[in-house]
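Contents: one structure, followed by commentary.
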Amino acid sequence: MTRAEPVPFSQAVESRILLRRLRDALQKAERGQARLDVITQIVSAALVAEVCSIYLRRGPELELSATTGLNPEAVHQTRMRVREGLVGRIAYTAEPVNTKDAPSAPGFQYFPETGEEIYKSFLGVPIQRLGEVLGVLVVQNRLARDYTEDELHGLEVVAMVIAEMAETGAFASPSDPALPPEPRAMPHHSRGLIGQEGVAEGYVVLHDPQVIIANPVADDPTAERGRLHAALSALRGEIDGMLEADYLGEAGDHHEVLRAWRMFADDKGWIRRMEASITAGLAAEVAVEREQSETRARMARITDPYIRERLHDLDDLANRLLRQLSGHARPEMPEDPVLVARNIGPGELLDYGRALRGVVLEEGSVGSHAAIVARALAIPLVIQASRITREARAGDRILIDGDQGIVHLRPEENIATAFRAKIDMAHEAQAAYAVLRDKPATSRDGVTLGLQMNAGLMADLPSLYPSGADGVGLFRTELQFLIRPNMPKRAALAALYTRILDAAGEKPVTFRTLDIGSDKVLPYMTREPEPNPALGWRAIRVGLDRTGVMRMQLQALIRAARGRPLRIMFPFVAQFDEFRAGRDHVLKMRDREAKLGHPVPETIEIGAMLETPSLAFAPDQFFQMADFISIGGNDLKQFFFAADRENERVRRRYDTLNVSFLTFIEQIVTRCDRLGTPVSFCGEDAGRPVEALAFAAMGLRTLSMRPASIGPVKRMIRAVDLAAAKETIDMARGSGAQSVRPALMDWLRTVGAPVKPKS
């Protein structure tokens with residue numbers, strides 16, 4: 001019998017009898033150890049097993065928490081690491097192990113204190129909930145035998161019930177520290193990665209529903225199946241209603257995703273598997289969660305982005321079905337909401353809007369779509385925060401420190417007090433920056449810098465004037481493609497670009513053409529797997545191969561200008577011919593629009609992002625042809641140091657103020673100045689005051705950054721003498737130092753410049 005097939009009637013009856021026997025016995029047992037012991041006794045008798053043991057996870061280890069058959073003195077004493085022994089292997093793979101000769105099975109490890117050496121046959125299944133392994137349930141016998149599929153299924157059903165009981169704290173006991181603590185009751189600290197800087201205090205909003213099931217055993221399978229089908233019918237109605245609604249706003253057209261959800265909601269295999277779990281004796285909610293756990297286990301093993309996206313759709317659909325079953329509506333937004341989720345797409349994040357104070361994700365990456373949107377919304381983001389969705393409850397107080405990648409759930413008062421002091425300091429600093437809004441970024445020795453802002457959404461443009469930015473140095477046009485499940489229409493893009501230019505008024509806007517590939521994958525564009533997508537088919541390479549998409553976007557930009565000046569920039573140019581080909585497409589589309597009688601831009605400036613070291617050594621003709629160059633610091637740094645910016649083990653190893661990198665930047669600026677090509681620096685480092693100072697000392701006169709960084713950078717530039725800063729940098733370079741940072745920080749402290757302990 002495969003997992004997708006219905007459960008035979010006899011097996012279903014046995015499962016229900018076992019579950020009811022467990023439920024009745026557990027209702028009489030006290031909380032804590034007594035309940036664990038009852039489970040092992042009943043399962044051992046039902047499966048005619050000489051041993052039944054429960055191992056519960058304690059951090060990176062598994063602990064023998066209850067047993068019938070093994071040495072009782074080993075309980076709470078025997079521990080093993082995940083991946084260690086057969087039990088650790090089950091916890092790591094989330095897959096059952098069924099063997100009639102355990103000592104010869106791959107990964108077997110003997111723990112002498114348990115007395116298990118006399119038992120040969122072994123069957124173990126993961127105790128898991130929503131894709132997280134909480135422990136392992138094991139039965140053993142002396143006789144060498146293969147356990148049947150019916151026995152495996154029965155053990156899996158019991159494991160699911162144990163997982164649900166653990167979620168409700170059924171095994172917790174305040175008087176017994178050896179037992180698991182009450183779930184989500186204590187302060188929790190999680191260290192993740194910095195997705196977007198900033199600090200915030202607020203209350204948890206859970207993106208995924210948190211359904212606590214008091215009775216995981218179904219009293220009436222027929223009634224539970226009826227509940228499941230009623231919820232499915234309501235789910236289909238909800239999706240149909242969403243399909244009929246207008247989804248052509250800024251958040252994107254979700255119709256294709258909704259159609260996929262509608263198809264999944266009718267999937268017979270999905271429904272049949274949930275019905276089988278109900279027939280075996282599980283409540284409808286547990287049946288949905290069981291299927292969801294298996295979906296998430298599959299997601300963990302699949303690297304193909306397209307398939308993972310489809311599994312993510314199925315996972316999200318299960319969340320909606322759980323809400324229907326439990327009666328939980330979409331979470332209401334409390335005051336100062338902080339969103340907590342396993343992962344989230346860009347469109348879903350935009351649905352929550354700017355009301356969010358911060359976002360914490362259990363998964364995600366620095367370059368993920370959610371991270372891009374969080375930066376555009378200027379809200380703190382911490383990614384890869386371990387176990388955050390397991391620990392958080394809706395309404396919990398939460399502190400998020402995006403500057404350090406730290407999250408505090410249910411914080412102790414001393415931590416909250418220190419954190420609020422940091423927030424107050426940030427507010428005071430913002431007030432000081434506001435005073436500088438209309439003042440130029442002019443150094444003490446009379447050098448003036450242009451400070452521009454990066455944007456990617458129409459919602460970013462209201463920050464243009466309040467931030468004091470001189471213009472939009474980078475408008476990321478790919479966000480409008482990423483947040484939609486299908487290709488946006490030319491007319492919709494032209495209308496959006498027109499609104500952007502209107503909002504900018506007299507200030508310039510530089511539109512970067514579609515930058516997809518690498519970590520930005522369009523859900524509707526088929527893509528072959530690449531061993532290193534950051535070095536693969538991306539950005540201008542995609543545009544030159546898919547000229548229809550490039551021409552459509554260029555036509556939308558030209559029409560949007562309505563005769564006004566237009567600035568277009570091509571990303572990830574590696575050689576002169578790529579830029580020349582892209583430029584030719586712009587000029588051809590301009591001429592075509594003129595022939596059609598449409599107004600064309602008064603002027604078109606066409607530039608390139610210098611993100612590959614090769615472009616710095618392009619022929620002089622490239623620099624003479626380009627109307628401007630923007631150094632794309634994020635990509636250039638990773639290629640310069642051969643250090644993947646998504647890899648935490650290497651990306652922090654290399655400093656932006658490394659002598660080699662700064663010297664390379666200086667060489668680019670010198671060449672651009674010699675050939676009369678305007679050059680700027682765009683990237684995260686441009687918004688860090690000390691780094692921005694160093695770039696200015698190297699000769700850069702225009703920097704582009706997120707709006708919130710303009711104030712700190714302007715304050716730094718106005719407080720220093722750039723010529724003196726350059727002398728300090730040159731002295732550090734001449735001393736053989738690897739980085740100029742220590743020398744520059746010492747000098748800044750000497751002159752009383754406004755610097756933080758860490759820049």
Review point. What angle, in degrees between 0 and 90 and rounded to the nearest 10, separates the Cα long axis of helix 9-28 from the longest principal axis of the Cα atoms of the chain?
Key: 90
Review point. Roughly speaking, what is the stretch gain from Ser660 to Arg23, that is 0.36 nm per residue apart minus the C-alpha to C-alpha distance, in nm to one decimal?
Key: 222.5 nm
Exercise for review: Could you rank the peptides 441-450, 729-738, 634-643, 194-203 by their average count of other C-beta atoms within 10 Å per residue, with the highest value first?
Suggested key: 194-203, 634-643, 441-450, 729-738
Review point. Over the range 608-664, with a single point scatterer placed on each C-alpha, what log10 of the ratio I(q)/I(0) does the Debye formula yield at q = 0.17, 0.22, 0.26, 0.30 1/Å?
Key: -0.59, -0.86, -1.06, -1.25
**Study point:** Förster-model FRET efficiency, 56 Å R0, Glu412 and Arg653, C-beta, rounded to 0.05
**Key:** 0.95
Practice item. At 1.4 Å probe size, with every protein chain present, just tell me what the per residue accessible area of the range 639-759 comes to in Å². Key: 44
Check your understanding: Between Ala581 and Arg749, what is the FRET efficiency for a Förster distance of 60 Å, r being their Cβ-Cβ separation, to the nearest 0.05?
Key -> 0.75
Point to revise | Computed [θ] at 222 nm, helices only, for the chain once each DSSP H run of length n ≥ 4 contributes -39500 (n - 2.57) | key: -14000 deg cm²/dmol
Check your understanding: How much of the accessible area of the chain, in percent, comes from carbon and sulfur atoms when a 1.4 Å probe is used?
Key -> 52
Point to revise | Segment Asp620-Ala594, length gained on full extension (0.36 nm per residue, minus Cα span) | key: 6.3 nm
Study note, to complete from the structure: Of the residues Leu657, Met731, Ile39, the Cα lying farthest along the dipole of the chain towards its positive end, which is defined by charges on the beta carbon of Lys, Arg, Asp and Glu, belongs to Met731
Practice item. Please turn the phi angles of the range 99-110 into ³J(HN,Hα) values with the Karplus equation 6.51 cos²θ - 1.76 cosθ + 1.60 (θ = phi - 60°), one per residue in order, whole Hz, x for glycine and proline. Key: 9, 8, 9, 4, x, 9, 6, x, x, 4, 9, 9
**Study point:** the chain, relative contact order [Cα under 8 Å, separation at least 6], %
**Key:** 10
Practice item. In nm, give the distance between the simple-model label positions of Met186 and Asn532, each being 7 Å from the Cα along the Cα-to-Cβ direction. Key: 4.4
**Study point:** Neighbour cut-off at most 15 other Cβ (10 Å), DSSP loop, GluC sites (Glu not before Pro), the range 571-639
**Key:** Glu602
Point to revise | Simple Cβ-charge dipole of the chain, Lys/Arg +1 and Asp/Glu -1, about Cα centre, in debye nearest 20 | key: 1700
**Study point:** Nearest-ten-degree value, helix 741-751 long axis tilted from longest Cα axis of the chain
**Key:** 60
Exercise for review: Match the structure shown to one of the listed values (1) 36.6, 120; (2) 30.3, 104; (3) 29.9, 90 of Rg and Dmax of the Cα atoms in Å, computed from it, and give that label.
Suggested key: (3)
Review point. Cα centroid distance between the range 673-729 and the range 559-598, in Å?
Key: 29
Review point. Taking the Cα centre of the chain as the origin and placing charges on Cβ (Lys, Arg +1; Asp, Glu -1), which of Ala719, Leu409, Phe481 is farthest toward the positive end of the dipole?
Key: Ala719
Check your understanding: What is the dipole size for the range 21-118, taken about its Cα centre, with +1 at each Lys and Arg Cβ and -1 at each Asp and Glu Cβ, in debye to the nearest 20?
Key -> 460
Practice item. Calculate, in nm to one decimal, what Glu73 and Arg541 gain on full extension: separation in residues at 0.36 nm each, minus their alpha carbon distance. Key: 162.0 nm
Review point. Hey, what angle do you get for helix 707-719 against the long axis of the chain, alpha-carbon based, 0 to 90 degrees rounded to 10?
Key: 50
Revision key, fill the gap. Between Ala723 and Arg444, the two model label points (7 Å from Cα along the beta-carbon direction) sit apart by a distance in nm of 1.3
Review point. What FRET efficiency comes out for the pair Lys489/Ala459, r = Cβ-Cβ distance, R0 = 22 Å, nearest 0.05?
Key: 0.60
Review point. For the modelled label position 7 Å from the Cα of Ala426 along Cα-to-Cβ, which residues of the range 708-724 have backbone nitrogen atoms closer than 17 Å?
Key: 708-713
Exercise for review: Mind ranking 427-438, 77-88, 488-499 by how tightly packed they are, going by the mean number of other C-beta atoms within 10 angstrom, highest first?
Suggested key: 77-88, 488-499, 427-438
Revision key, fill the gap. One quarter of the C-alpha convex hull surface, i.e. the mean projected area of the range 542-608 in nm², amounts to 4.1
**Study point:** Filter on Lys439/Lys507; Lys489/Lys588; Lys439/Lys637; Lys439/Lys726; Lys422/Lys726 - keep pairs with C-alpha separation over 27 Å
**Key:** Lys439/Lys637; Lys422/Lys726
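The values are calculated or read from the model by the stated rules, or taken from the named source; none is laboratory data. Values in this document were obtained by computation on a predicted structure and should not be read as measured data. No Cβ is skipped: glycine too gets one built from the backbone with ideal geometry, and neighbour counts run over all protein chains shown. These area figures cover heavy atoms from the full protein model, side chains too; ligands, DNA and RNA do not enter into them. Shrake-Rupley method; radii C 1.70, N 1.55, O 1.52, S 1.80 Å.
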